[in-house]
1. Let me see the P(r) profile for the range 23-108: every Cα-Cα distance counted, bins of 10 Å, each bin given as a percent of all pairs.
2. Taking a ≥ b ≥ c as the square roots of the eigenvalues of the Cα gyration tensor of the range 233-361, is the shape rounded (a/c under 1.5), prolate (a/b larger than b/c) or oblate?
3. Stretched out fully, how many nm does the piece from residue 291 to residue 666 gain, at 0.36 nm a residue minus the Cα gap?
4. Sort 377, 310 by Cβ crowding within 10 Å, fewest neighbours at the top.
5. Could you compute the FRET efficiency for residue 444 and residue 340, with r as their C-beta to C-beta distance and R0 at 30 Å, rounded to 0.05?
6. Say each of residue 362 and residue 454 gets a label point 7 Å from the Cα, pointing the same way as Cα to Cβ; how far apart are those two points in nm?
7. What distance in nm separates the simple spin-label points at residue 409 and residue 621, each placed 7 Å from Cα in the Cβ direction?
8. Computed FRET efficiency, Cβ-Cβ of residue 55 and residue 611, R0 51 Å: what is it to the nearest 0.05?
């Protein structure tokens with residue numbers, strides 16, 4: 001009600017202001033081009049100054065370099081500006097009727113290039129009604145790195161030691177590529193992001209209050225990764241190669257051919273990496289007591305007091321990916337783009353798990369478990385996009401079709417060696433997993449400007465996903481080398497998820513106020529089917545389900561522009577968190593005898609309502625961003641640990657990690673970010689995020705409620721040294737955290753890099769160290785009534801990488817100096 005009341009006040013105020021403006025309005029049109037190439041200058045500024053020197057109004061150009069601005073009738077000096085270009089003016093223009101001014105050509109201003117490079121090489125932030133846009137710039141620590149690594153340098157975003165991406169501490173974040181789900185982002189898995197070079201990113205949009213045009217998936221919000229797309233005419237491109245220790249080699253390149261009729265583009269990469277890792281688990285078990293039916297107290301002692309596991313991971317990754325496409329310009333206002341993305345990868349992993357079992361502090365049992373795993377993945381995606389811009393005011397229609405086909409084969413051989421009390425080889429296990437998946441995406445978006453500042457938008461998205469996992473486990477008969485299928489664990493799991501959605505939204509601007517109101521309707525169908533012929537009948541393996549969910553997801557985004565360099569935003573949106581496929585499959589992992597992960601087919605989606613209040617202030621050399629946020633989630637997911645009731649051959653209780661629905665989860669916090677460029681040779685960037693959450697819920701009569709306070713901060717500095725040498729340092733610190741059962745220690749990591757431009761600034765050589773002090777490790781302790789478990793996990797050890805990049809026919813200043821504003825690439829209303 002308060003939001004509606006505030007909105008009525010805004011509308012009433014706007015009406016009063018409109019009534020006060022009685023002076024005749026005229027429409028002024030024109031076009032701005034780049035001198036010498038006649039390439040349209042997008043986001044160039046046009047301003048109108050009266051005789052007293054006061055700027056009356058202004059605007060910016062669109063993607064075609066066109067502007068269309070309403071001005072009170074009068075005599076003005078018209079000024080044309082664009083960053084790194086010389087300013088032009090048209091004095092004494094008598095604008096008393098609708099007028100089309102002459103086309104203006106702006107020339108590059110060599111005197112301002114140094115300032116342009118400085119501003120563009122540091123991360124810039126822009127605030128829109130429903131998102132923050134971070135132009136990554138020249139991040140030295142991304143040399144030889146992947147997209148996943150680059151995301152760890154974006155404010156509000158954290159990347160865990162095992163690659164899990166979180167937004168404001170919440171891992172339920174939706175990853176989009178160019179505004180759509182994509183095989184590049186792995187459709188829910190972040191593995192593919194570890195294969196693409198960071199140099200492919202143009203900017204990252206952090207959408208903490210998504211508008212209705214975006215999928216409602218992701219209670220934390222959305223990360224929209226915009227890949228680079230060269231707009232310069234002619235042939236241009238770049239190539240980058242790197243080598244690192246531990247072995248980390250890659251080569252990637254992109255080429256672009258653009259004419260007046262078509263744009264042909266390709267990005268290709270190949271890599272070969274080794275990623276050693278390490279993990280430790282220290283489980284301590286307690287005696288259990290209970291009262292039987294006769295009233296007698298029974299005490300059960302565990303077979304071992306302490307079980308210690310020491311794991312080492314030796315991972316080998318090699319792969320190839322390419323994206324080839326062409327944009328064909330049907331007319332001056334319409335185009336069709338077709339592309340194909342192909343990814344092939346192969347991994348060979350060896351995991352050694354040394355297990356020591358103690359009784360009364362004496363080693364009584366020792367074993368070694370070695371798992372050799374080979375995996376082959378292939379993914380191919382076809383995409384077709386149509387865009388028709390009906391006029392220069394933003395009236396347009398876009399349509400997208402996408403098809404993805406993926407195949408994954410995984411073979412694992414598990415060997416168990418008994419060391420103490422006897423030395424023997426136990427029967428082996430042979431596991432084969434075949435997974436095939438298909439995903440279809442259809443999307444239509446329509447944008448209709450209404451009047452000068454209003455805009456209506458509507459659209460449809462259908463996302464259809466089908467995956468089949470064929471899992472076969474074979475046990476060796478003795479040590480004979482002959483294997484027999486284990487029918488009680490082998491299974492075939494078919495999973496289907498279909499999401500149909502329609503939305504509409506309306507935005508308008510009244511003076512300093514902007515608003516964007518939207519409503520999205522989504523229907524989700526989730527189906528799981530177990531092939532009963534492959535599994536021995538068991539009620540515990542009853543996986544068949546057919547769930548249907550329909551929900552409304554409203555969004556409200558408001559902005560008040562205090563002045564050009566200062567504004568306040570307020571956002572509200574409702575979100576959904578659908579359980580992933582691996583969260584639903586109840587077949588346990590096999591990497592450890594005593595610690596397993598098991599899915600829960602009874603999981604239902606979680607729903608969240610989120611509020612966000614933001615503030616932005618720009619000074620000449622300093623930019624401040626701040627926000628306060630609150631989220632209330634129902635049926636939230638929580639991973640608990642419990643005993644399964646089953647035991648190993650040695651009589652050790654098996655502990656499983658299981659995802660469950662808890663009743664509520666409340667999260668609130670604040671974040672502050674600073675971008676400071678005190679000198680041309682120094683850039684500083686820092687951010688701090690503090691949050692609290694409270695979880696309430698019971699499972700199997702156990703209270704899993706918890707309260708947690710945590711925080712994380714990051715700092716980055718870049719120094720320009722003589723001889724075109726640059727030095728950058730990034731530091732990240734995450735404070736301690738806890739949930740109902742687990743307490744996690746803080747993590748501190750530091751990255752450092754140096755680079756030098758060579759070959760007339762067409763090439764760059766850089767050296768960077770990731771996790772310089774080798775401290776990026778996750779340490780935690782889990783406590784229950786029957787056991788405690790201390791663990792340490794390091795996904796990847798410290799890495800040092802040397803990178804060489806070469807650019808041809810690409811202007812370093814143009815590439816990094818373009819500014820944003822106006823309508824975004826996906827048609828979203830920015831205000």
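Values quoted throughout were computed directly from the atomic coordinates according to the rules given, and no laboratory measurement underlies them. Being a predicted model, the structure only gives us computed values, none of them experimental. Note that each Cβ is placed from the backbone with ideal geometry, even for glycine, and that neighbours are counted across all protein chains shown.
1. Cα pair-distance distribution for the range 23-108, in percent: 19, 54, 24, 3.
2. Working: a/c = 6.59, a/b = 2.68, b/c = 2.46.
Judged from the Cα gyration tensor, the range 233-361 comes out prolate (a/c at least 1.5, a/b above b/c).
3. Here the answer is 131.2 nm.
4. Listing 377, 310 from fewest to most nearby Cβ atoms yields 310, 377.
5. Rounded to the nearest 0.05, the efficiency is 0.90.
6. It works out to 8.6 nm between the two label points.
7. About 6.2 nm separates the two model spin labels.
8. About 0.90, to the nearest 0.05.
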